[in-house]
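Working notes, beginning with the structure itself.
The values are calculated or read from the model by the stated rules, or taken from the named source; none is laboratory data. Predicted model only: the values in this text are computed from it and were never measured. Heads up, the Cβs are rebuilt from the backbone with ideal geometry, glycines too, and the neighbour counts pull from every protein chain shown. Side chains included, ligands, DNA and RNA excluded: accessible areas come from the protein's heavy atoms. Shrake-Rupley method; radii C 1.70, N 1.55, O 1.52, S 1.80 Å.
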Amino acid sequence: MSAADSGRFSRRFAALKAAGRGGLITFITAGDPDYESSKQIVFGLPEAGADVIELGMPFSDPMADGPSVQAASLRALAAGMKLARVLEMVREFRARDDDTPIVLMGYYNPIYSYGVDRFLAEARESGVDGLIVVDLPPEEDQELCLPALKAGLNFIRLATPTTDDQRLPTVLSNTSGFVYYVSVMGITGTKSATEGAVKAAVERLRRHTDLPIGVGFGIKTPENVRAVASVANAAVVGSAIIDRIAGGLDGNGRPKPDLAAGVLGYVRELAAGVRGSGGK
Amino acid sequence: MKQQINTYRAGPDEQGHFGIFGGRFVAETLMPLILEVEKAWDAARDDPTFAQELEYYFKHYVGRPSPLYFANRLTEHFGGAKVYFKRDELNHTGAHKINNCVGQILLARRMGKTRIIAETGAGQHGVATATVCALFDLPCTIYMGSKDIARQAPNVFRMKLLGAEVKPVTSGSNSLKDAMNEALRDWVANVEDTFYIIGTVAGPHPYPAMVRDFQSVIGRETREQMMEAEGRLPDSLVACIGGGSNAMGLFHPFLDEADIKIIGVEAAGLGVDTDKHAASLTGGRPGVLHGNRTYLLQDDDGQILEAHSISAGLDYPGIGPEHSWLYETGRVEYVSATDKEALEAFQLCSRMEGIIPALEPSHALAHVSKIAGGLPKDHILCMNMCGRGDKDIFTVAEALGVKI
């Protein structure tokens, strides 16, 4: 018997539907470039227009990520970021915002090392709503996906262009919260899909699921966001935001005073994109 | 404590698990392709045409069977066990790596793939991959850590001569694990036409089992050759371990012979009590990386640590999942040898047998030198001489303070 989830995803996606627009999901790596600067950005995200916050759990070997996210992970680790501190950041955020859903994204080894049960209990208690763990396909569901659902956390699965109609039901079977469609074959922050391809893919997914659909990979500008959010339930932007963080560092890799303001200003521009999206 | 198991040769199960180790921990984009590779491998394994093709290239291109050689002078020098070398360093391209590459490229062709990628550490797997790509006229991209490119210049040039593109990897620690990350990133972006020839018994299922099966020709030949030479099977087997493919290849056909002592030698770098070594079993704990659960060098937070070894081919913070299982069941004993011990064995073997070994099997020989003297004279020990040392002469010269 599974524990009830937090309900934040369903409330947020219902609210977006009522508002007649698609949502903006922003990704940054927790602790990049350091805990305090990262926290400042996270705290400012809802006001800047992020509808869902995706927070990266840094990992030394992020093999599905491109150079931007790899660099963000290494900056966070170099500044002493730990998995426990990621949960701490969520806890601090929840004390001031009880509505914005938070998804933790990362790779399995840090969670496995932390201890699955301990991690899930602490994540739920901190106010985490869902998990995306890149290197856990449905074939490994017993590792984390099923225990997460039992603990009341959503497990958000990635569907990709290589996930054909025959495989989709397997991928969707234990997915909850929303479905994350990876719009290109490749790593984060590199290629972009055409609007037509995204539209066709979202239509294909809708034949298999009633869950909200977020689309990510290669979405970089307010125009991209508008286009994607007009066919999907939300657009995910990661590397482009992280590039703004990298650009806000001085020659020694330390944050310039206006780092958070600059990053949040960019998120505001992206959010303007979804505000004009029409949406589903 | 050794477990009682009927057979050690039945693994993995259908999900690719050896006990709790192995599995398929990859991104969804790769998953359909991994399943396709598994299906293709299952079919090829049972297809006599595939076996014939493999045997043809083993015999006429690789030069198999490799000799089993009685190392007379070293045996006298150690004063105990009879020491044999399985001479896989005499294969075409100078190491055991080619056995696996021939097998995988034949499979890639069966699957209709038109582009090959691979990772390499010492460059031996890169050279072997580039070689079979030249043979079958397929474009080839090799990922290699920038640190390894600097210390393995001859192999880099070899790969280029063979027509491969060598892409330097500057992410993470610039060595083998990062080259593997980068190869996986390439594969995710090019799943439709590309086959990834993984160089060792690691990665997502079916790779650990498939690579083991291609390398098992080493152990099968050793059985026959030892019967011919001594009229019986050996008493002990010794092989070095990075990812562990040469060792799995030698060990696997002998796993169910309970009386045969089997020893794997990891790279202890500057010492397993320092933070500069590559001994995943001795100094690591179970974790998940590169598609499988296995013993890994990692910190308290599950971040992967940099490995260190004088041998670029052993410089990997993980180990094949089947080794992790053989370690936990107690069937195989895992020990380690330091950079310094390997260097001494490298020189000893060169002078006493006229064989310049690669730094990788020099670790195995270092362990042989520790135990052979204490074993009875009728004890037969077989060590896998899995690679030749030509590629290492610059590294060794530098370590010995010689300018060449």
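Below, the figures for the structure above:
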{"quantity": "Residue satisfying all of: in the range A:16-46; without any contact (Cβ under 8 Å) to a residue 60 or more places away in the chain, open to solvent by 10 Å² or more (accessible area, probe 1.4 Å) and not aliphatic (A, V, I, L, M); nearest to the other protein chains (Cβ to nearest Cβ) among these", "calculated": "A:Tyr35"}
{"quantity": "The range B:147-200, subset in a loop (DSSP other than H, G, I, E, B) and more than 14 Å from chain A (Cβ to nearest Cβ), residue surrounded by the fewest Cβ atoms within 10 Å (Cβ to Cβ)", "calculated": "B:Gly163"}
{"quantity": "Hey, A:Thr160 closer than 21 Å to A:Val69 by Cα, surrounded by 24 or more Cβ atoms within 10 Å (Cβ to Cβ) and more than 7 Å from every other protein chain (Cβ to nearest Cβ) or not", "calculated": "no"}
{"quantity": "Single residue of the range B:3-51 satisfying the filter (among the aromatic types (Phe, Trp, Tyr) and either open to solvent by 70 Å² or more (accessible area, probe 1.4 Å) or more than 13 Å from chain A (Cβ to nearest Cβ) (or both)) that is farthest from the chain's Cα centre (by Cα)", "calculated": "B:Phe50"}
{"quantity": "Selection from the range A:96-153 of residues that are of a type in the set (Gly, Ala, Ser), away from chain B (no Cβ under 14 Å) and either over 16 Å from the mean Cα position of the chain (by Cα) or surrounded by fewer than 24 Cβ atoms within 10 Å (Cβ to Cβ) (or both)", "calculated": "A:Ala121, A:Ser126, A:Gly127, A:Ala148, A:Ala151, A:Gly152"}
{"quantity": "Odd one out for A:Glu54, checked against (1) facing chain B (nearest Cβ under 9 Å); (2) surrounded by 19 or more Cβ atoms within 10 Å (Cβ to Cβ); (3) within 16 Å of A:Ile28 (Cβ to Cβ)", "calculated": "(1)"}
{"quantity": "Residue check for A:Thr190: outside any loop (DSSP other than H, G, I, E, B) and either modelled with pLDDT of 95 or more or open to solvent by 20 Å² or more (accessible area, probe 1.4 Å) (or both)", "calculated": "no"}
{"quantity": "Hits in the range B:366-383 - residues which are touching a Phe, Trp or Tyr at 6+ places or on another chain (Cβ under 8 Å) and open to solvent by less than 10 Å² (accessible area, probe 1.4 Å)", "calculated": "B:Val368, B:Ala372, B:Ile380, B:Leu381, B:Cys382, B:Met383"}
{"quantity": "Tally of residues being away from chain B (no Cβ under 11 Å), of a type in the set (Ser, Thr, Tyr) and either in a strand (DSSP E or B) or more than 17 Å from the chain's Cα centre (by Cα) (or both) across the range A:167-187", "calculated": "1"}
{"quantity": "Residue ranges of helices (runs of 4 or more DSSP H) in the range B:326-404 with at least 2 members hydroxyl-bearing (Ser, Thr, Tyr) and within 17 Å of the chain's Cα centre (by Cα)", "calculated": "none"}
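Results for (1) within 25 Å of B:Trp187 (Cβ to Cβ); (2) outside any loop (DSSP other than H, G, I, E, B), shown as yes or no for each residue.
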| position | (1), (2) |
| --- | --- |
| B:Ile5 | no, no |
| B:Arg9 | no, no |
| B:Pro12 | yes, no |
| B:Gly22 | yes, yes |
| B:Ala27 | yes, no |
| B:Pro32 | yes, yes |
| B:Glu36 | yes, yes |
| B:Lys39 | yes, yes |
| B:Asp42 | yes, yes |
